[in-house]
Amino acid sequence: MVDPRFFRLSGPIALTGLAEIAGARLGAGANGAALFSGVAPLDQAGLDEVSFLENRRYVDGFRTSRAGACLVHPSLADQAPAGMALLIAERPRRGYAHIARAFYPDSLPSSGTHASAVIDRSARIGQGSLIEAGAVVGAGAEIGARCRIGPNAVVGAGVVVGADSEIGANASVSHCYIGVRCVIYPGARIGTCGFGFDPDPAGHVKIPQLGRVIIEDDVEVGANSTIDRGAGPDTVIGRGTMIDNLVQIGHNVRLGRGCIIVSQVGISGSTVVGDFVTLAGQAGLAGHLTIGSGATIGPQAGLKDDVAAGETVMGSPAVPWKEFGRQVAALRNLAKKKGE
């Protein structure tokens, strides 16, 4: 159940309106005028709530669900219980996301600056932005319109934050340009000094990190993730990329558009990642690699070689997934023989 203390409910919304929002069509016999008050999982939804089914693993729960309406793929519509109104969609989960946002729209923050915030006189704050308690905005920084700078967040000198973006509580951003509609979640560290030095027994010599971090539009950076600024060339995060919590991205890394970087991934310096690449949880990438567009790096993979566009690799050291499967099968067979 959605807690009203944390999420503002909008509605009710008629079924025909929900179909339009989701880009779905009504199932046979559905009452388009019926009103619905919210969303809920299949096993918890009531008669005035909307749910969705996309994964076939949950068909049994779908058959017994009490949800008044459900988004479902055409191939599974015949599994619906009697009386359930159907919203037929090719991508039910995406439709559900649009409906959930309609019921629980993001709250627009009030604008203004808390008395305890520290803003340099040369900084520029866009109209409608909110600067919360304890936040710091450095000299020459530019905050776009309708932004939110969370409690105790630090926006360093010269940083540019695009309109409708959010910097979460206790996050710090420096040496960077952030696009529009970006979200930097609490505790993230953007633009910190890259890990570059010349090793020497007499004492390592730090190499100045003179680049920036460029975060393009519609990017999210998860809580406590870190993105180092470049050593000379910039570190670049491509438009629409989603970065999970606890991710480390080294200096000079270039991520393409629409990438998905899952929790605890580490990307070493100067690696170039193409568009729409998925890096699964705990994958580790060596430096100076090239990952082709559309590639997938499996969970806990240890990557030391380039990966071609569209290829899927797994294991440590990472190999093509079919080869990885053969390796696992061979090890399993060896273990069985040893146990005989």
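The criterion of being surrounded by 13 or more Cβ atoms within 10 Å (Cβ to Cβ), touching a Ser or Thr at 6+ places or on another chain (Cβ under 9 Å) and at positive phi does not hold for GLY23. Scanning segment 320-340 finds no residues that are assigned by TED's automatic domain parsing to the domain that holds ILE207 and part of a loop (DSSP other than H, G, I, E, B). Among the residues examined, ARG181 qualifies as modelled with pLDDT of 95 or more, touching a Gly at 6+ places or on another chain (Cβ under 8 Å) and not hydroxyl-bearing (Ser, Thr, Tyr). Where strands (runs of 3 or more DSSP E) fall entirely within segment 1-105, those with at least 2 residues that are under 24 Å from the mean Cα position of the chain (by Cα) and at pLDDT 95 or above are at 49-53.
When you go through GLY140, GLY112 one by one, which is the residue that is more than 20 Å from ARG189 (Cβ to Cβ), of a type outside the set (Lys, Arg) and at pLDDT below 95? I'd like the intermediate steps shown before the answer.
Details: GLY140 fails: at pLDDT below 95.
That would be GLY112, the only listed residue that is more than 20 Å from ARG189 (Cβ to Cβ), of a type outside the set (Lys, Arg) and at pLDDT below 95.
Among residues of segment 320-331 that are over 22 Å from ALA309 (Cα atoms), those with a beta-carbon under 8 Å from a residue that is surrounded by 13 or more Cβ atoms within 10 Å (Cβ to Cβ) at least six positions away or on a different chain give the pairs GLN327/GLY315; GLN327/VAL319. Looking at the structure I just gave you, is GLY191 part of a strand (DSSP E or B), crowded, with 19+ Cβ neighbours inside 10 Å, in the same structural domain as GLY269 (by TED's automatic domain parsing) and of a type in the set (Gly, Ala, Ser)? Yes, satisfied. What number goes with the only condition from (1) assigned to a loop (DSSP other than H, G, I, E, B); (2) within 19 Å of GLY240 (Cα to Cα) that TYR177 does not pass? Here TYR177 clears every test but (1). In the condition set (1) touching a Lys or Arg at 6+ places or on another chain (Cβ under 6 Å); (2) surrounded by fewer than 21 Cβ atoms within 10 Å (Cβ to Cβ), GLU220 is compliant with all but (1). Applying a threshold of 7 Å to beta carbon distances and a minimum spacing of six or more residues, or different chains, the list of pairs starting in segment 192-203 at a residue that is on the phi < 0 side of the Ramachandran plot and ending at one that is polar (S, T, N, Q) reads THR192/THR226; CYS193/GLN209; GLY194/GLN209; GLY196/GLN209. In this structure, is VAL313 touching a helix residue (DSSP H, G or I) at 6+ places or on another chain (Cβ under 9 Å) and farther than 23 Å from SER225 by Cα? Here the answer is yes, as VAL313 does meet what is asked. Picking from residues in segment 89-110 that are touching a residue at least 24 places away in the same chain (Cβ under 8 Å) and of a type in the set (Gly, Ala, Ser), the one that is surrounded by the most Cβ atoms within 10 Å (Cβ to Cβ) is GLY95.
The values are calculated or read from the model by the stated rules, or taken from the named source; none is laboratory data. Quick caveat, the model's predicted, so the values are computed rather than measured. Positions of Cβ are backbone-derived with ideal geometry, glycine not excepted, and every protein chain shown enters the neighbour counts.
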